[in-house]
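What follows is a set of notes on a single structure, which appears directly below.
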Amino acid sequence: MNAVVASTVLSSIFLVIQTTWMKNGLFWGVIPDFCLLVILWVAYNNKNDQGVVTGFISGVVCDLLSSSPMGYFSFLYVIPAYAATFLRKIVAMDAFFIPVLLGFAGTILKGIGSLFLLAVYGSETMSAYSFSNYHFWIEAALNGAIAPLLFWGLSRIRRFLITKKVTE
């Protein structure tokens, strides 16, 4: 439980940083999604569904900070977290390529989730990422580029973010 709380607090801190200090964007008005990267790292490095739980709770925090409908970001953060738990079973983490892949692919999954919600609820209720907009691809590239450095930093505080089983 402590690891879930710690990872949710950390991702929520990144959400506040994203929405306040980086409101004008990092490149061409685009803000990298640090919260998504934290959720992906937690989902990949835990043996249970802690990343999915962290994604859901962090999504609720993001929904409260934004004007999106409740549950919107929760849904968008749970999908990449769930995918990262499956990737963990297939590929071992390295220092560069897997973080880049997780950051880039996680952003694309978030975009696909937003298009799904748009199809279900309609454009009157919410908006979605546009795959034809260069801002989406810049965000995906930024998330992929920043992921190795952020994952390295998160590995330094891994004892707070990873749940240990009783036998470990």
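The values are calculated or read from the model by the stated rules, or taken from the named source; none is laboratory data. Fair warning: this is a prediction, and the values are worked out from it, not measured in the lab. Neighbour counts run over all protein chains shown; Cβ positions are idealised from the backbone, glycine included. With ligands, DNA and RNA removed, areas are computed over all heavy atoms of the protein, side chains included. Shrake-Rupley method; radii C 1.70, N 1.55, O 1.52, S 1.80 Å.
Points worth noting:
- A Gaussian network model of the chain, with springs between Cα atoms under 10 Å, assigns the largest mean-square fluctuation among 94, 63, 33 to 94.
- Taking the helices alone, the chain has a mean residue ellipticity at 222 nm of -23500 deg cm²/dmol, built from -39,500 (n - 2.57) per DSSP H run of at least 4 residues and averaged over all its residues.
- Charge dipole (debye, nearest 20) of the chain; +1 at Cβ of Lys and Arg, -1 at Cβ of Asp and Glu: 560
- The count of lysine pairs in the chain with alpha-carbon distances below 23 Å, taking only pairs 8 or more places apart or on different chains, stands at 8.
- Comparing 16, 61, 42 in a Gaussian network model of the chain where C-alpha atoms under 10 Å apart are linked, the largest mean-square fluctuation is found at 16.
- Using a probe of 1.4 angstrom and keeping all protein chains present, the accessible surface of the chain works out to 53 square angstrom per residue.
- By accessible area, using a 1.4 Å probe on protein heavy atoms only, segment 14-140 has 70% of its surface on carbon and sulfur.
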